[in-house]
Each structure stands twice: as C-alpha cells, then as structure tokens.
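The structure under discussion appears below in the form of structure tokens.
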Amino acid sequence: MKHNPSTGHGADVEKAYARVLERVSWAGVLASVVAYTFYVLHLLPLSVSVESIAGHWHLGADELVARGIVPSGWEWVAYLPSADMLSLAALAILSLTPVAALVVASAAFLRRKDYGYVLISLVQIVVLAVAVSGVFTR
Amino acid sequence: MVLMKRIGMAAVLSGSIVMLLPGVAHAAAAMPGGELAWWIWVCLLFVFSFFLGIIAVIAGVGGGVLFVPIVSSFFPFHIDFVRAAGLLVALSGALSAGAPLLRSGMANLRLGLPMALLGSVSSIFGALIGLLLPAAFVQLLLGIVIIGIAVLMIMSKRSALPQAVEPDCFSQLLSISGVYHDTTLKQAVSWNIHRTALGGFLFIFIGFIGGMFGLGAGFANVPVFNLLMGVPLKVSVATSGLVLSINGSAAAWVYLLKGAVLPLIAIPAVVGMMLGSRIGAWLLPKFHPKSIRLVVISILVLAGIRSLLKGLGI
C-alpha cells in the first residue's frame, strides 16, 4: 500500500482546508446577519417588500418567479445592493465556502504531488461550478 | 434534574402529538401570513430553529432532517422554501463544526472527498427533480423518507471502533486510511476501509435524497461509513459533515437559482440553528444522549406521519 500522507491528526491539507472553511463560513454568517438586519429594518431599499414575500410564501418557487416576486438564475445580481438581494448574496457566500476550501486543498495536494487527489478536488470544483453556473436550472 | 428532563421530554412529546392533530396543522397551513404578522412567523422560526439546534446536537442528528418535515408541516411556507432553508441549515451546521474536526484529525479529506464527489453530482439531480415534482407528492415522499430514517435510527447499531478491516483495491488505490487520537481511549487509533465501491454507490443515493428533500444526510452517511466501510464512529461522524457541506452546497445553488431561497426564512433558520448547536454542544455532557435520541425518533415518526397526511391532503 502507498504511504498515506494524510495520517496523523490535523495533517497539513486538512489544516489548510479548515482555515478557509472557518474564515469563509464566518464571513458568510456575519454578512447574512448584517444584510438581514438591513432587510427587515428597511435600512436599505428593497427589490420586493417583505410584506409581498410574506403574502406569497405559501406558493411554490415557480409561481413566485412567474409573478416576478423572486428572481430566477443570476437575475438577482442586477437588483444589488437592495437589502433583500444582499441577504441572498450573503447566503451565496456561505454556500460557496466548500469551493474556496477545495481550491486551497487542491493546491496543498499538488504541493504533495498527490495527483489523484488534485484531480478529485478539481473535478469537485468543476461540479460545484456547474451547479453555481445555473446550466441545469435554465 | 431527572424530573426536569422527564418533564421536558413529556412536554416535547405531548406538543408533538398536539401538532399532529389535523386541526392544528391546517390552522398553520391556512395562514399564508394572513392572520399572523410575518414577523411573528419569522420569530417563531428563529426560536424553533434555536431549540432544534440544541436537540439535534444532543441527539447526534443533523438539523436538516428534523427541520424540513416539521417546518413544512406546521409553518405556512411552501415546501420549496423549506427544503432550501433545510439545506442551508444543514450546510451551515456542517461548516460550523467542520474546522475543529478537521484540525483534530477526526474529519478526513481522503475519505470524504471521493464520496462527496459522487454525492454532490446526484444531489444536483435530486434537487432538480425535487423541484419539478408536485408539492403534495414531495410532501408524501418526505413522510415516507422521514419514517424510514426513524426506522433506520432505531435499527442501526453504532460501532465505536469497528474490527480492523482488510483494505480493498479502491481504498488502496486512493490511500484511504488514517490515524486519530481518541481522547476517550487515550490512544492513537489507526483505521482502514473496505467495501469502498458499494459505499460510493450508496453515497450517490444518499446525495440524491438529500438534494431532493433538503435534508442533511448525516443519518445515512454515518452508518455507511461506520457499519459498511469499517470507519471508526468518531471519524464517520466528523467526515459525514464534510461530505454534507459539499453536497449541500451543490444542491443549495440549484434551489437558489430556481428562486427557492427566501432570505426572509432561510437566515433566521440558519442563525437560530447555529446558535442552538453551540448551546447544544455546551449542554451535551449534562444530558443522556440515548433519552434525547428516543425523543427525536418519536418526533421524527410524528413529523413523518403528519407529512404523509399532508401529502394525502388529510
């Protein structure tokens, strides 16, 4: 069996992954709380009022998109910096945390010349990038 | 203290039974925010997510698996938004716990990444198909899945340290093995895995279910790692979070781009769950996990039945 470079507690790839995971996820959570405060206290303009969202939240996502109450795809970027879309952007940052961590992990695997795991990390980044691109949701 | 715990459990159970009554559930379903102000629903969701975070950590289950069936049954939000919030809740919980578990050597990237790769592809398709299905059908299927999870939780035995296994060809090819320091045993524990191909196949299925219903899939990841592949329990639980965060991220983007992420609902759920999880971790040594686990299984069964009934229009 090949030597496993990832044995022992807290191997360097895991530590690098953990560092990015922690920083980006906390940035996402902090951004979510700040943006949400702006949203519900109306401290910034909104693209759609809270009351309108609450009045329709019993309907499905397709129905809300059809009525123009929520954006589909990447349309939401056009409504920035409204507070509701800033809140969505904060959640997007939170959801991108694994991508950032995987970029760092793939570099760490490359430094170890662990090419199998460089490939797995890169393919994983591509899979997440495809999900983020919205290719399947058009 | 014992009396308090019993009273608490009785309150949770009786509350769950009351919520199961069609009249109560219909009252919630009939209120798309009309009778109660929106901010009351949002505050209720935050408080609910906070307590769910406490219970989930003590019972050793992911938040998403409890969040989706209960919120979709008893809050006025459409199941699309609940599933998206459930995924974000599960994702944020896994992210929050991830860094310390990686640093301590419990969560293992060599074990987690290949399984996450398979699971993330299927979770995208699970999310896409789940959003195409009629809401009542999804609710019905969710009820079946949740009752199945409760049965799995009752049936599955956990093995803290599985017997040493002979590594198979895939695990040798990927050099999947590890060593971690077990603080309970006060010794270094080395481990190998086997049945890697079958485990990978099951992760495809788990990813699909997780994406379709917005559930964190710790309930299934852990038994596959631990009982099937021979990974020690602590490494299984920690690495399950790593897999969940990647699968959850892939599926969450499908929901986000389909307009199913409502920040008005998702953010209080995420923040409530994260705060509750911290309190839960602090309270963990004070409670008997088995008793809480029994309460959680009971809640899952009740929420599953309620979801089934809602799906059938009853």
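Within region B:181-224, if we keep just the residues that are on the phi > 0 side of the Ramachandran plot and touching a Leu at 6+ places or on another chain (Cβ under 8 Å), the residue that is modelled with the lowest pLDDT turns out to be B:Gly214. Of A:Val77, A:Val99, A:Val104, A:Val65, all but one fail to be more than 10 Å from chain B (Cβ to nearest Cβ), hydrophobic (A, V, I, L, M, F, W, C), open to solvent by less than 60 Å² (accessible area, probe 1.4 Å) and part of a helix (DSSP H, G or I); the exception is A:Val104. Could you list, in sequence order, all residues of region B:213-228 that are aliphatic (A, V, I, L, M) and under 10 Å from B:Phe203 (Cβ atoms)? Those that are aliphatic (A, V, I, L, M) and under 10 Å from B:Phe203 (Cβ atoms): B:Ala217, B:Ala220, B:Val224. Within region B:73-95, being more than 16 Å from B:Leu262 (Cα to Cα) and surrounded by fewer than 24 Cβ atoms within 10 Å (Cβ to Cβ) holds for one residue alone: B:Phe74. Within this structure, B:Gly313 passes the test of being open to solvent by 10 Å² or more (accessible area, probe 1.4 Å) and either more than 27 Å from A:Phe136 (Cβ to Cβ) or in a helix (DSSP H, G or I) (or both). Among the residues making up region B:156-202, those that are assigned to a loop (DSSP other than H, G, I, E, B), closer than 10 Å to B:Met229 by Cβ and open to solvent by less than 90 Å² (accessible area, probe 1.4 Å) are B:Pro162, B:Val165, B:Asp168, B:Ile176, B:Ile193, B:His194.
Filter region B:269-288 for residues that are modelled with pLDDT of 80 or more, open to solvent by 10 Å² or more (accessible area, probe 1.4 Å) and either over 16 Å from the mean Cα position of the chain (by Cα) or not hydroxyl-bearing (Ser, Thr, Tyr) (or both) and give the result. Within region B:269-288, B:Val271, B:Met274, B:Leu275, B:Ile279 qualify. For B:Ser307, the test of being surrounded by 24 or more Cβ atoms within 10 Å (Cβ to Cβ), hydroxyl-bearing (Ser, Thr, Tyr) and within 14 Å of chain A (Cβ to nearest Cβ) is failed.
Among residues of region A:17-62 being more than 7 Å from chain B (Cβ to nearest Cβ) and aromatic (Phe, Trp, Tyr), the one that is least open to solvent (accessible area, probe 1.4 Å) is A:Phe38.
Restricted to region A:107-132, and to residues there that are at the interface with chain B (Cβ under 9 Å from one of its Cβ atoms) and within 30 Å of B:Pro268 (Cα to Cα), the residue that is surrounded by the fewest Cβ atoms within 10 Å (Cβ to Cβ) is A:Val130. For region B:239-249, check the following and say yes or no: at least one residue is away from chain A (no Cβ under 13 Å), assigned to a helix (DSSP H, G or I) and hydroxyl-bearing (Ser, Thr, Tyr). So far as region B:239-249 goes, yes, one or more of its residues are away from chain A (no Cβ under 13 Å), assigned to a helix (DSSP H, G or I) and hydroxyl-bearing (Ser, Thr, Tyr). Is at least one residue of region B:102-117 within 13 Å of chain A (Cβ to nearest Cβ), open to solvent by 10 Å² or more (accessible area, probe 1.4 Å) and at pLDDT 90 or above? Yes.
Is it true that A:Val70 is free of Cβ contacts under 8 Å to residues at least 60 places away in the same chain, surrounded by 20 or more Cβ atoms within 10 Å (Cβ to Cβ) and facing another protein chain (nearest Cβ under 8 Å)? So A:Val70 fits the description; yes.
If you check A:Ile93 against the conditions, is it in a helix (DSSP H, G or I), in contact with a Pro (Cβ under 7 Å, 6 or more places away or on another chain) and either more than 8 Å from every other protein chain (Cβ to nearest Cβ) or under 15 Å from B:Arg110 (Cα atoms) (or both)? So A:Ile93 does not fit the description; no. Among the residues of region B:120-142, those that are at the interface with chain A (Cβ under 10 Å from one of its Cβ atoms) and either basic (Lys, Arg) or within 19 Å of B:Ser240 (Cα to Cα) (or both) comprise B:Ser120, B:Val121, B:Ser123, B:Ile124.
The values are calculated or read from the model by the stated rules, or taken from the named source; none is laboratory data. All figures in this text were calculated on a predicted structure; none of them were measured in a lab. Every residue, glycine as well, gets a Cβ built from its backbone with ideal geometry; the counts of neighbours run over all protein chains shown. In case anyone asks, the SASA skips ligands and DNA or RNA and just uses the protein heavy atoms, side chains included. Shrake-Rupley method; radii C 1.70, N 1.55, O 1.52, S 1.80 Å.
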